[in-house]
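Okay, so here's the structure we're looking at.
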Amino acid sequence: MVALHVGEVATIRELRVQDPTIAQKLLALGVVPGARVRVVQRFPAYVLQIGFTQIAIDQQIAKAVHVDLNPQGPETDDVS
């Protein structure tokens, strides 16, 4: 996740979160493998859009969210 720039869209591949409480919260917010995510902001916290939901996570959690970059284009940049 940390390699993405603002506006880029990716698909979540896996979560490598050690704390089960944080993992449960992320899953409840839609941060699940296969979900499409757009980076809205990177500083001071990462703000991610997944569907119609925006969440803020710190850099440590962002490092634990592994993604595959999606090609940009009008047909691929919609995360809803």
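Rule-based calculations on the coordinates, nothing more; no lab input. Please read all numbers here as calculations on a predicted model, not as lab measurements. Glycine gets a Cβ as well: all are built from the backbone with ideal geometry, and neighbour counts include every protein chain shown.
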For region 1-14, enumerate the residues that are of a type in the set (A, V, I, L, M) and more than 13 Å from residue 57 (Cα to Cα). 3, 4, 6, 9, 10, 12
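How many residues does region 7-26 hold that are of a type in the set (Val, Ile, Thr) and surrounded by fewer than 10 Cβ atoms within 10 Å (Cβ to Cβ)?
Of region 7-26, the ones of a type in the set (Val, Ile, Thr) are 9, 11-12, 17, 21-22.
Still in the running and surrounded by fewer than 10 Cβ atoms within 10 Å (Cβ to Cβ): 21.
Of the residues in region 7-26, 1 are of a type in the set (Val, Ile, Thr) and surrounded by fewer than 10 Cβ atoms within 10 Å (Cβ to Cβ).
For (1) in contact with a strand residue (DSSP E or B) (Cβ under 8 Å, 6 or more places away or on another chain); (2) basic (Lys, Arg); (3) touching a residue at least 24 places away in the same chain (Cβ under 8 Å), each residue gets a yes or a no:
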{"site": "4", "(1), (2), (3)": "yes, no, yes"}
{"site": "7", "(1), (2), (3)": "yes, no, yes"}
{"site": "13", "(1), (2), (3)": "yes, yes, yes"}
{"site": "16", "(1), (2), (3)": "yes, yes, yes"}
{"site": "19", "(1), (2), (3)": "no, no, no"}
{"site": "25", "(1), (2), (3)": "no, yes, no"}
{"site": "33", "(1), (2), (3)": "yes, no, no"}
{"site": "36", "(1), (2), (3)": "yes, yes, yes"}
{"site": "40", "(1), (2), (3)": "yes, no, yes"}
All positions within region 30-71 that are of a type in the set (A, V, I, L, M), surrounded by fewer than 15 Cβ atoms within 10 Å (Cβ to Cβ) and either within 8 Å of the chain's Cα centre (by Cα) or closer than 17 Å to residue 16 by Cα (or both): 32
